[in-house]
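S.K.: Before I ask anything, let me first share the structure, which is written out below as structure tokens.
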Amino acid sequence: METEDVSVREQLFHNRVRETIICVLLFSCLYILSYLILTHFRKNAEFVTDDTEDATVNRIALWLCTFTLSVAVCAVLLLPMSILSNEVLLIFPHSYYMQWLNGSLIRGLWNLVFLFSNLSLVFLMPFAYFFTESEGFAGSKKGVMARVYEAVVLLLLLALLVLGMVWVASALLRDDMARKSFYDLWEYYLPYLYSGISFLGVLLLLLCTPFGLSRMFSVTGSLLVKPRLYRLLSVGSLSRHHHESFVLIRFFHSEMRKKASPWQRNLVYPLAMLLLLALTVMCVLMVCFNVLELLLDDTAMPRGMEGISHLNKCDPHLGMASFSMFGSLGAAVQAVLILYLMVSSLVGFYSSPLFTSLLPRAQDTNLTQIIANCVSLLILSSALPVFSRTLGITRFDLLGDFGRYNWLGNFYIVFLYNMLFAGLTSASLIKTVTWAVQRELIRAFDRKYIR
């Protein structure tokens with residue numbers, strides 16, 4: 001009996017070590033990728049200066065931004081990886097080489113992403129901003145440590161202000177939470193704060209994603225070589241509004257047309273447009289189907305804190321059943337749709353007049369803009385799992401603290417959210433696909449036959 005206990009403990013130890021190694025390797029790869037992305041956009045003049053103190057401060061702030069961006073990328077991949085992992089275990093249930101892929105590993109990744117998201121949003125990014133803007137207290141000795149002391153003091157003051165606002169909000173909304181002591185900070189107030197940040201991210205996704213879905217057609221069209229008909233239509237619309245931009249775009253497309261083969265000119269562009277249209281229509285149909293399920297079946301509701309409390313004590317059972325009625329193919333489509341929605345939300349975010357100034361430029365983005373971009377991307381990406389589950393894109397239940405948002409159990413909020421997304425996306429799709437094409441065809445007809 002004692003030998004069996006030792007073997008069980010050894011197995012648990014080896015599993016924990018294996019999961020730690022996998023998480024470290026995954027995060028290291030994402031960190032390297034994030035660092036390469038940021039170094040591509042950063043302004044080199046801020047890191048190569050005669051003032052070694054400023055260069056050191058900027059370098060430390062860039063490392064913190066790299067950490068935050070890697071967490072954001074991991075949050076984007078979290079739900080697709082979980083869905084695909086379940087399908088892999090269904091296909092290879094007894095494979096020796098797939099033993100490392102289990103519910104404990106997936107749940108650990110969800111918990112780490114939630115922890116690092118809180119850490120980055122509440123501490124690291126505010127500290128990075130204060131660190132770059134600080135100069136040290138008056139009368140103190142100048143140096144990096146003087147900036148650290150000032151940044152820490154400002155961060156503590158900001159933390160007290162935010163926690164006070166959270167306590168007031170909890171007192172107004174929930175009297176029982178307002179009676180909690182300061183020692184319940186980690187268990188109640190920080191999750192409550194992150195729930196509010198996540199709700200803000202979900203609302204931001206609701207506004208940006210429909211707009212981004214409509215913008216995806218024009219953005220993709222600008223990157224591809226168009227057939228002659230579409231090229232004439234776009235030329236007619238650009239030449240009347242943005243003459244200088246039109247000259248540059250015409251030169252760019254003329255160079256692309258010289259290098260493009262006939263099948264690239266006449267096949268790739270229509271196929272890309274049809275693929276975008278199919279993905280967008282599929283998203284709208286899945287949301288409409290989810291609306292019907294919300295009206296008829298209580299299990300369609302995303303699970304909130306109370307709904308998953310019994311799951312917090314055990315690992316998710318992967319490899320038991322597919323999360324799509326169409327099997328592995330449907331699960332793969334779900335993963336693609338989640339990534340497509342994230343890309344569309346980014347396109348809509350940076351196309352919005354409020355956030356256009358945040359759009360990073362290669363080798364010309366200052367450190368303050370990099371910090372703002374990392375915070376924005378982390379808010380959007382950390383809300384993506386909740387966003388996808390609320391819309392019914394997937395049936396994969398939210399793991400860990402991602403499901404501890406009380407508003408997820410509110411039927412009216414979830415139902416209204418689905419209706420708004422379906423309505424806004426449908427309106428944007430109709431306007432982009434039908435009205436724009438009709439308008440350009442009429443203009444082309446006028447130019448050819450009337451003039």
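S.K.: For segment 1-122, which whole-number percentage of the solvent-accessible area (1.4 Å probe, protein heavy atoms only) is attributable to carbon and sulfur atoms? Don't jump to the answer; show the numbers that get you there.
M.R.: Numbers: 4570 of 6730 Å².
Carbon-and-sulfur percentage of accessible area, whole number: 68.
S.K.: Would you be so kind as to identify which of Thr56, Val8, Val73 lies farthest towards the positive end of the dipole of segment 1-92, taking Lys and Arg as +1 and Asp and Glu as -1 on Cβ and the Cα centre as origin?
M.R.: Val73
S.K.: Next question, about the same structure. May I ask you to derive the relative contact order of segment 60-179, considering only C-alpha pairs under 8 Å and at least 6 residues apart, and to give it as an integer percent? Spell out each step's value before the answer.
M.R.: Values: 63 pairs, mean separation 27.2, N = 120.
Dividing the mean separation by the residue count of segment 60-179 yields 23 percent.
S.K.: Another question, if that's okay. Run the dipole for segment 5-65 about the Cα centre, Lys and Arg Cβ at +1, Asp and Glu Cβ at -1, nothing else charged, and hand back the magnitude in debye, nearest 20.
M.R.: Numbers: 6 positive and 8 negative charges, 68 e Å.
So the magnitude is around 320 debye.
S.K.: Need one word for segment 46-151: rounded, prolate or oblate. Basis is the Cα gyration tensor (sqrt eigenvalues a ≥ b ≥ c); a/c below 1.5 gives rounded, then a/b vs b/c decides.
M.R.: Numbers: a/c = 4.41, a/b = 3.27, b/c = 1.35.
Prolate shape, in that a/c is at least 1.5 and a/b is the bigger ratio.
S.K.: Something else now. Stretch Arg59-Leu359 to full length: gain in nm at 0.36 nm per residue minus the Cα-Cα span?
M.R.: Working: separation 300, 0.36 × 300 = 108.00 nm, distance 2.12 nm.
Separation in residues times 0.36 nm, less the Cα-Cα distance, equals 105.9 nm.
S.K.: Shifting gears a bit: What net charge do the residues around Arg16 carry, taking every other residue with its C-beta under 12 Å from that of Arg16, with Lys and Arg at +1 and Asp and Glu at -1? Please report the intermediate quantities before stating the final value.
M.R.: Numbers: positive: Arg9, Arg18; negative: Glu10, Glu19.
Overall, the nearby charge balance is 0.
S.K.: Here is a further query. Counting only other residues whose beta carbon sits under 15 Å from that of Val152, what net charge do I get with K and R as +1, D and E as -1?
M.R.: On the way: positive: Arg147; negative: Glu133, Glu135, Glu150.
That works out to -2.
The values are calculated or read from the model by the stated rules, or taken from the named source; none is laboratory data. Everything quoted here is computed from the prediction, not taken from an experiment. Quick reminder, even Gly has a Cβ in these numbers, built from the backbone with ideal geometry, and neighbours come from all protein chains shown. When the accessible area is computed, the model is the full protein with side chains, heavy atoms only, and any ligands, DNA or RNA have been set aside. Shrake-Rupley method; radii C 1.70, N 1.55, O 1.52, S 1.80 Å.
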